[in-house]
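Remarks on the structure that follows.
The values are calculated or read from the model by the stated rules, or taken from the named source; none is laboratory data. Keep in mind that this is a model prediction, so the values were computed, not measured. Neighbour counts run over all protein chains shown; Cβ positions are idealised from the backbone, glycine included. The area values use the complete protein model at the heavy-atom level, side chains included, leaving out ligands, DNA and RNA. Shrake-Rupley method; radii C 1.70, N 1.55, O 1.52, S 1.80 Å.
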Amino acid sequence: MQQSEFQQIQEWYQQFEDAVLFYAMDGTPLWQNHAVALRQDQDGASLPRYAPDGTPETGTFSVRQGSVLYLLRQKQCRIGGTPVILVQICAQPEEELFWSDPDRCHEEENRIAAIRQKVFGISNAVSALYQDLDESSDQIPRMILEEQLEQLNIIQGNCCRLMRSSVLRLEQLKYYQNCEVSGEALFLDRELSNFVESCRMVLGRAIRMTLETAPHLCIFVHRRRLRVSLLCLILQLRQTMPSASRFTWQAEQQENEAVLRCTAVSDGTEPQSHRHSIPEQLYQTGLRTPEEQVVQHFCRKYHAVLLTSQTDTQAQCTLRFPLHRDIRNLSLESSRREIDDGIFSLYQIFLSDISDYRFY
């Protein structure tokens, strides 16, 4: 290998934010740039990658660093006539690279819109069937009518579950496109009061929800982004503590921060069986769930910090917000208008399948 040529290549790649590594064909490390220390794959997979027949692979792959996926490109090249393997790990997470491409964003929006339209079609058909059953209820035996209504509730609940993935996907898109994320001064006690009341309407008696909050805690966030993130926290806590029967929200001031805690408490009994079974995770991927990704975007955008803790009987999430001092233009009325995602409310989409909410 010609050292002068290789030195020029090293100087070039040393400027990259991407992690760049060179290997001999047998896998012996030859050189790596400074970015490798921060970006190197940490999931235990060996580099470079080899095919089952022992030849070096060529192409683009996903590798995990912590709980984030990064793109890895590997190819064979020659330096001074000597064959080597070049491995390049992108500095940006795979998800960020995806959303930074306008064409891909447009395709993803169209795909999500198509899915939502089909889900709405199923839900509208169920609503029409319910109308037919309601009009003929006097002619249908009670046991048969109740069983049919139960099946309609199951279908509508599944429609909400299908809608949730698109809502979470679009929520992430808002942050990447910096669209509908502008903050406004909000009194946390008013927002939480409306939020908890809306949750109770869907949760019913399945899960109790209480609120204790200090007055006049002002934060600067986008109202809908806040609601979605709080709903994501509920689902995260529910997944951590499936037997939780009570959620408690507490908000207080600590120095220059507004501290919001949500605690899921279990009464020690077996989790209540629901008509919607909780999907079982066959193996641990180590990757963040869509709900966790949304909360992370929220914290990053509005300078909040998320802390979590867990014991045998309870799980807790804590959000710490910087207090917003300038309340001159703050409206004292907090809007109670609920934003609907088509025919379902945001709260039905997130909570109906953990509460046995009845649509009919």
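Here are the numbers for this structure:
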item: Where a residue in segment 207-226 is closer than 18 Å to residue 264 by Cβ and its partner, wherever it lies, is in a strand (DSSP E or B) and of a type outside the set (Phe, Trp, Tyr), with Cβ under 6 Å and at least six apart; result: 208/246; 210/248; 212/250; 213/251
item: Hits in segment 305-328 (condition: among the small types (Gly, Ala, Ser) and under 14 Å from residue 247 (Cα atoms)); result: 315
item: Boolean, residue 69 is in contact (Cβ under 8 Å) with a residue 24 or more places away in the chain, open to solvent by less than 40 Å² (accessible area, probe 1.4 Å) and touching a strand residue (DSSP E or B) at 6+ places or on another chain (Cβ under 6 Å); result: no
item: Residue pairs meeting the criteria (Cβ under 7 Å; at least 6 apart or on separate chains; first more than 19 Å from residue 61 (Cα to Cα), in segment 83-110; second among the aromatic types (Phe, Trp, Tyr) and open to solvent by less than 20 Å² (accessible area, probe 1.4 Å)); result: 105/99
item: Residues of segment 317-327 classified as modelled with pLDDT of 90 or more and open to solvent by 40 Å² or more (accessible area, probe 1.4 Å), total; result: 3
item: Qualifying residue in segment 219-239 (condition: assigned to a strand (DSSP E or B) and either of a type in the set (Ser, Thr, Tyr) or touching a helix residue (DSSP H, G or I) at 6+ places or on another chain (Cβ under 6 Å) (or both)); result: yes
item: Residue within segment 228-251 that is at pLDDT below 85, in contact with a strand residue (DSSP E or B) (Cβ under 9 Å, 6 or more places away or on another chain) and either over 20 Å from residue 352 (Cβ atoms) or surrounded by 16 or more Cβ atoms within 10 Å (Cβ to Cβ) (or both) present; result: no
item: For residue 193: the one exception among (1) under 18 Å from the mean Cα position of the chain (by Cα); (2) of a type in the set (Ser, Thr, Tyr); (3) farther than 22 Å from residue 172 by Cβ; result: (1)
item: Failed item, numbered, when residue 30 is tested on (1) free of Cβ contacts under 8 Å to residues at least 12 places away in the same chain; (2) within 23 Å of residue 14 (Cβ to Cβ); (3) open to solvent by 60 Å² or more (accessible area, probe 1.4 Å); result: (1)
item: Hey, residue 49 in contact with a helix residue (DSSP H, G or I) (Cβ under 7 Å, 6 or more places away or on another chain), modelled with pLDDT of 90 or more and over 21 Å from residue 12 (Cα atoms) or not; result: no
item: Given (1) acidic (Asp, Glu); (2) open to solvent by less than 70 Å² (accessible area, probe 1.4 Å); (3) closer than 18 Å to residue 358 by Cβ, index of the condition residue 189 fails; result: (3)
item: Count of segment 95-124 residues which are open to solvent by 60 Å² or more (accessible area, probe 1.4 Å) and under 18 Å from residue 349 (Cα atoms); result: 5
item: Criterion violated by residue 92 - all others in (1) within 21 Å of residue 349 (Cα to Cα); (2) out of contact with any Cys (no Cβ under 9 Å at 6 or more places or on another chain); (3) open to solvent by 60 Å² or more (accessible area, probe 1.4 Å) satisfied; result: (1)
item: Any hit, segment 98-109, residues being closer than 30 Å to residue 169 by Cβ and touching a Gly at 6+ places or on another chain (Cβ under 7 Å); result: no
item: Filter pass, residue 135 being within 26 Å of residue 345 (Cα to Cα), surrounded by fewer than 16 Cβ atoms within 10 Å (Cβ to Cβ) and touching a residue at least 12 places away in the same chain (Cβ under 8 Å); result: no
item: Residues (β-branched (Val, Ile, Thr) and open to solvent by 20 Å² or more (accessible area, probe 1.4 Å)) located in segment 192-227; result: 210, 213
item: Near pairs, Cβ below 8 angstrom, 6+ apart or cross-chain, from segment 8-20 (closer than 23 Å to residue 92 by Cβ and touching a residue at least 24 places away in the same chain (Cβ under 8 Å)) to any residue that is of a type in the set (Val, Ile, Thr) and not in a strand (DSSP E or B); result: 19/36; 20/36
